[in-house]
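Following: one structure in structure tokens, then a few remarks.
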Amino acid sequence: MSSEISEPVLQLRNIVKKFGDFTAVDDINLDIGDGEFFTIVGPSGSGKTTMIRMLVGMDRPSSGDIILRGQRINDVPANKRPTCMVFQSLALFPHKTVGENIEFPMKIAGVEPGKRRERADELLAQLRLPLAYYSKGVNQCSGGERQRIALARALAYDPDILFFDEPLSSLDFRLRKTLEKELKDIHRETKKTFVYITHSLEEAMVMSDRIGIMNAGEMIQVGTPAEIYDAPRNKFVGEFMGEVNTIEVERVSEKHVRSLSDGTEFTVAREPDNFERGYLIIRPEIVKIGRPAEDLPNRVHGTVFNDYSLGSRIQYQIRSKSDQYQWLVERLQDEPYEGKLDDEVYIGWQSEDAILVSD
């Protein structure tokens, strides 16, 4: 999928948020396309929650502009914006029925009871909840059902943008995986703009059209999941995208670098402009092990120290003979390394599979 977006519905221009001397969000510029599923992901303290609080109207930027469909909305309160937030806590009314929860925003807006019920039934069907749930108490519903009810209530506002603040973080793994796919399906069906906050890279990769990675208040990189995975902008992004082999290197000559730990030289197909020193990133799944590695241009000699079952994959830990660096190699369960622990082996990779970054 291309990183190009449709006409932007939401634009951020030089957004800064300070709390005293602390800068939580630092000069962010971003366009989010109409109908896009955009996910902001980052570790704790990266600024992503502060960011979404400003976008939804709960906090105001210290400087910069938030523009919704061409209109500056910095000073528009949350309840006056055509947006809605699905909180991590869901914020459902425990004393109300499912139907009453879904209808609440329409009731506040003065929609007549018959039309409210009609819309509630539409949303129950769309969110794959039985119509009989209309009269069911919210506390009688499962965690996954309450997630759907909260989303139905948000859609009842008919907002331009739905914001999500880590709504799946408290769910068990199986239910979370189910709801990830359902949210992506609902996004396609509704054609609404979704802006999603999470610390889980896996959630972001599964659901998003594009991802924005934040760290220390800055938007480090924005792109499709494939673009960020294949071409991380720096060491932080490369390692945030999953377990990788990261080697500190220096430039020797064009497309040739040398490990700073043991002097081993490697070749690369691409290098950043003016590269002199930085990091070589090699993903475990592209590394060959044993005989398939012996004729590759980049090779390391090591010992098979351990292996780990990761469901559909097996991960091998290889300790290099030169400096005891621990390399990770991954194979599918049905294509395992045929040797055994303590074997001496070569591991290797093609030059075009290595990622070279300056910082």
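The values are calculated or read from the model by the stated rules, or taken from the named source; none is laboratory data. Predicted model, so just to flag it, every value in this text is computed and none were measured. Cβ: placed from backbone, ideal geometry, glycine included. Neighbour counts: every protein chain shown. Only protein heavy atoms, including side chains, enter the accessible area calculation; ligands, DNA and RNA are left aside. Shrake-Rupley method; radii C 1.70, N 1.55, O 1.52, S 1.80 Å.
Assorted remarks:
- Check on residue 67, aliphatic (A, V, I, L, M), surrounded by 14 or more Cβ atoms within 10 Å (Cβ to Cβ), under 18 Å from residue 165 (Cα atoms) and in contact (Cβ under 8 Å) with a residue 24 or more places away in the chain: no
- The one condition in (1) within 23 Å of the chain's Cα centre (by Cα); (2) not in a loop (DSSP other than H, G, I, E, B) that residue 149 fails to fulfil: (1)
- Listed conditions (1) farther than 19 Å from residue 168 by Cα; (2) open to solvent by 40 Å² or more (accessible area, probe 1.4 Å) are all met by residue 61, apart from (2).
- Identity of the residue in region 75-88, in a loop (DSSP other than H, G, I, E, B) and open to solvent by less than 50 Å² (accessible area, probe 1.4 Å), that ends up modelled with the highest pLDDT: 76
- Check on residue 45, surrounded by fewer than 17 Cβ atoms within 10 Å (Cβ to Cβ) and either at pLDDT below 95 or polar (S, T, N, Q) (or both): yes
- Among the residues of region 108-124, those that are surrounded by fewer than 20 Cβ atoms within 10 Å (Cβ to Cβ) and at pLDDT 90 or above comprise 111, 112, 113, 114, 115, 117, 118, 119, 121, 122.
- Picking from residues in region 209-258 that are among the aromatic types (Phe, Trp, Tyr) and in contact with a Gly (Cβ under 9 Å, 6 or more places away or on another chain), the one that is most open to solvent (accessible area, probe 1.4 Å) is 229.
- Residues (assigned to a helix (DSSP H, G or I) and touching a residue at least 40 places away in the same chain (Cβ under 8 Å)) located in region 113-131: 126
- Within the option set 72, 53, being over 14 Å from residue 162 (Cβ atoms) and either buried (at least 20 other Cβ atoms within 10 Å of the Cβ) or in contact with a helix residue (DSSP H, G or I) (Cβ under 7 Å, 6 or more places away or on another chain) (or both) holds for one residue only, 53.
- Which listed residue, of 194, 275, 266, is surrounded by fewer than 20 Cβ atoms within 10 Å (Cβ to Cβ), modelled with pLDDT of 90 or more and of a type in the set (Phe, Trp, Tyr): 275
- Positions within region 132-142 being among the aliphatic types (A, V, I, L, M), touching a residue at least 24 places away in the same chain (Cβ under 8 Å) and either surrounded by fewer than 17 Cβ atoms within 10 Å (Cβ to Cβ) or closer than 20 Å to residue 82 by Cα (or both), in sequence order: none
- Selection within region 143-169: residues that are farther than 19 Å from residue 191 by Cα and modelled with pLDDT of 85 or more. The member of this set that is most open to solvent (accessible area, probe 1.4 Å) is 146.
- When 277, 319, 258 are screened for being of a type in the set (Lys, Arg) and in contact with a Phe, Trp or Tyr (Cβ under 6 Å, 6 or more places away or on another chain), only 319 passes.
- Residues of region 275-314 that are aliphatic (A, V, I, L, M) and over 27 Å from residue 358 (Cβ atoms): 289, 293, 304, 310, 314.
- Any pair with Cβ under 6 angstrom, 6 or more apart, that starts in region 163-192 at a residue that is at positive phi and ends at one that is surrounded by fewer than 19 Cβ atoms within 10 Å (Cβ to Cβ) and modelled with pLDDT under 85: 166/88
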